[in-house]
Each structure stands twice: as C-alpha cells, then as structure tokens.
Amino acid sequence: MNVKNSSDTRAISSIYILNSSCQILLSRDWRGETSSSCLRELLNTFKRHIESGINSPVVSIDDSQFALYFVCHRDIYIACVAKRATDIAVIFVFLHKLIALFTTYFSTFVEESIRDNFVLIYELLDEVVDNGYPQITEPGILKEFIKLNAHCFQIRQPPLAVTNSVSWRAEGILYKRNEIFLDVIECCSLTVDATGNETHSSIIGTVRVRSQLSGMPLCELSLNERAIPTRIENLSGSGLEDVKFHACVDLNTYESRKVVYFTPPDGGFDLMTYRVSGCTKALVRIDATTFLVNQSTVNYTVHLSTCFKDHTTATSIQVEIPVQSDVTSPEIQCNVGTVVYVPEKDVLLWSLRNVKGNRRFKLNCKLALPSTRASTTSSKVSNIPVRVNFEIPYHTASGLQVKYLKVMAKEGYRALPWVRYITRTNDYEFRVAR
C-alpha cells in the first residue's frame, strides 16, 4: 500500500494496550492530534463500558470527531484512537493482525509478555505503522530485521519483500527439488431424522497448498466451471458460498479470466476456502431401527449404504451406534467389517475399511438388558443419533476439480505439481427409528 497517497480515512492516531483492569501498559501516539482531555474521556468511557458489560467494540463521546476502537485478547485489550470517518474495517483488520504478530513473537500474548518485552513491542509498532498508516504486518518479513533479542539490534537494509508487492514471500528461497502440493479437502456435515429426511447438509472446503519452490514463481490454477463461481460476489449459480482467497491471489485476473494466479508463500497455507449448503448428496447413508424383543432383550438393525461411484473407495468408515448402558451378552451378525461393544461410551462401534461405492451392508445385534431398565431407557437412547465418520480419497462431494496447475518461474526450473482430493466427515448424524 502506498501510504503517501492514502487519505485520512485509513489513518490511526494512537494505540493503547491495557490490562484487564483497563490500566494502560504501553501506548504510542503517532499523529498527536487528540487532546489529553478527549483521550481521558474516551478511556474513562471505555472503562465504564467494560465494567458495565457493554460489548460494543467502538467507544465514542459527544462533540468529538474521535472514537476508540478495541479488541480483547486473553487478559488484555488492544485499542486505538482514530477519527470517526476512518475506515472501520482497516482498523479492526490491523488490530487483529497486530495481535497475531505479537503472538508469533511471544508465543503467548498476555500481560506478562508485554511487561517483559516493552522495547521489542515499541520497535514493532514503529515498523508496522508509519505516521498512523498501517504498513507491513507479516511476521516472517519483520523477523528478518527485528530479532527476539530486543537489546541487540543490528542496523540492516530492509529485506526486498518489504518494498516488494509480494510481502508474504521473501527473496532468495532455494530448493534442490522444486515441488508444489495442492490438497482439496472437503468436510461434510449431514443430519437425517428418524423418517429418513435430511434436515441439514453442508460442505466446508479448503484448497490447501504446500509450496517448495525456488525464487519468486507465478502459479496458475484452473478449476472446473461446475465448481468455480463466475464472480466471488455472485455464487448462486455454482452453489459455492463464502469463497475466500489468500492474499497472494490476483483477484483482478481471476475475475477477468476465471483462472487463479498466485505467487505462493513458502511452506503451507490455505489458498482458498468455501462452503456449500443444502442439497448435498449423502455419501454414506444409515437406516437404523431398534425395538424390544421382550423385557430383557433389545434388537438393533442397521443398514449401511455407500452412495458414491463404484470405482471410488472409502479407506475407512466408522459407525457409532448408541445403546443402553449396562447391556450385556451382545449377539452380533454382520457380513463385513468388525463390530465392538464399547461400554465406556455406550456404543457399538462398527468399523469398515476399503469400502467401494454402491454397496449395502447389514448389521444385526441383540443385547441383553436388565428388565428393570428396559422400559425406561429405550426412549432416551433413541434420541441419541447414530454418528458416522469416513474418509474418501480422490473424491470431492461438491464436484470441485482441478483442471491444471502450472508453475512459471523466471529461474527456468521445472517444478512438479501434485494434486490430491480428500472428503471426510465433520458431523454426520442419523436418528434411530423405533
């Protein structure tokens, strides 16, 4: 960001770090435009709000063009004073990035770490803010010239990444073997009632990248048209919602060419996240019923169906079937997998491995139940859902697919791209029919 051309709507006047008692631990005034009386009244109003339980993150007073904006982290408050016309999104993004920066340096950002690192914190504040305008807040870049030993600084030329538009990647990275790994990971949630109707379904997706590339490469990622939205703001056509990209993605090129261009940070990061809600197909389906054979015996019947394609294989499926406590003498009939009674969890654990799609399996189990409890516990157990956990490689529930992943490096090396798909469960629940 070129701060020379920024307007005052992005400027922060001063910053304050306070403890849980609203006592100032340290402060920095960059612009000197707030009077002491105005500042005192803002801080007193802030303290009254905290003590009375008012949760508004913005504190203002009458007849003043300044306001106090704050966030809470553990046992401290980090607050800044800025004009009311200041872009509030810029302020809160900066405060959260500042907390993340301090946490990176101190491992745990609490009052004690502040008192032990006054010098280092002031050094960091002078680097991340210039005359009230937020600057570089990337920990990896700042650590190149601000070391943990606050008493022994060396004057160095700032790294090129500080003045480069690619602030998330340092210059001079070198690997003998250049590779980039891309994982499309989708976590599915599903709730089915006792009549077999889906009451909730969603998918949370993450495109995760691990970069081991030399120099300053440019990567080109193309996704299938079925999965990628035509515009980030208009997602109804594809079903993807809440699409978010890492800061390294060139959004202008994506909007115009529907291709994701990015210069990746070194190591692992989330390139893209998204969500799909409603109308998602169940990949594993459970039909479970339970009934009392007599006053001392309860019978469970569970049908498991895999609803994905034949050539796809789930590496593991685990089904947790709730049972009454203190049941005994399980008689289990099952044509695939293993079934174990886990008394400490009051469940039958049905485990299957390497299960292909379009398959159907059945489990029958009879359990002995103390007759005095048969009539009182059956209804309680029926309210506990059957839970399913599974993992399916080489498959995405949303249909998102990578068409190609290219690496273009001015250094001229050839890089190996690797792409992998994984679909797993988040919350998969089926109510038991009686």
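Below are the figures for this structure:
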read-out	value
Exposure rank, largest accessible area first [130, 63, 75; 1.4 Å]	63, 130, 75
Segment 1-140: C-alpha gyration tensor shape, a/c 1.5 cut-off, then a/b vs b/c	oblate
Sparse-neighbour loop sites [GluC sites (Glu not before Pro); segment 380-434; at most 14 other C-beta within 10 Å; DSSP]	411
Cβ-based charge dipole, the chain, positive-most Cα from 288, 36, 109	288
Proximal charge balance of residue 268 [Cβ under 11 Å; K/R count +1, D/E count -1]	-1
Separation in nanometres of the label points that stand 7 Å from Cα toward Cβ, at residue 292 and residue 257	7.0 nm
Charge tally in the Cβ shell below 13 Å around residue 199, where Lys, Arg are +1 and Asp, Glu are -1, residue 199 excluded	-3
Average accessible area per residue (Å²) across the chain - probe 1.4 Å, nucleic acids and ligands excluded	51 Å²
Pairwise centroid distance, computed over Cα atoms, of segment 35-51 with segment 265-330, Å	55 Å
Shape category assigned to segment 389-430 from the gyration tensor of Cα positions, a/c cut at 1.5	prolate
Contact order normalised by residue count of the chain, Cα under 8 Å, 6+ apart, percent	15 percent
Rounded to the nearest 10 Å², the accessible area of residue 359 at probe 1.4 Å	90 Å²
Interchain or long-range residues, amide H under 5 Å from residue 432's placed H	386
Sulfur and carbon atoms: percent of accessible area, segment 185-224 [1.4 Å]	53 percent
Kyte-Doolittle at least 1.0, axis length at least 20 Å by Cα - qualifying DSSP helices, the chain	88-106
Net charge of Cβ neighbours under 9 Å - reference residue 66; Lys, Arg +1; Asp, Glu -1	+1
For volume of the Cα convex hull per residue in Å³, calculated from these coordinates, the label among (i) 158; (ii) 220; (iii) 146	(ii)
3J(HN,Hα) from dihedral phi, segment 133-145, Karplus parametrisation 6.51/-1.76/1.60, rounded to Hz, x for glycine, proline	9, x, 10, 6, 10, 6, x, x, 6, 5, 5, 6, 10
For residue 219, distant residues with modelled amide H under 5 Å away	262, 263, 408
Candidate residues 272, 408, 216: accessible-area rank, largest first, probe 1.4 Å	408, 216, 272
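The values are calculated or read from the model by the stated rules, or taken from the named source; none is laboratory data. This is a predicted model, so every value here is computed, not measured. Methodologically, a virtual Cβ is constructed for each residue, glycine included, from the backbone with ideal geometry; neighbour enumeration extends over all protein chains shown. Ligands, DNA and RNA are excluded from the accessible area calculation, which covers all protein heavy atoms including side chains. Shrake-Rupley method; radii C 1.70, N 1.55, O 1.52, S 1.80 Å.
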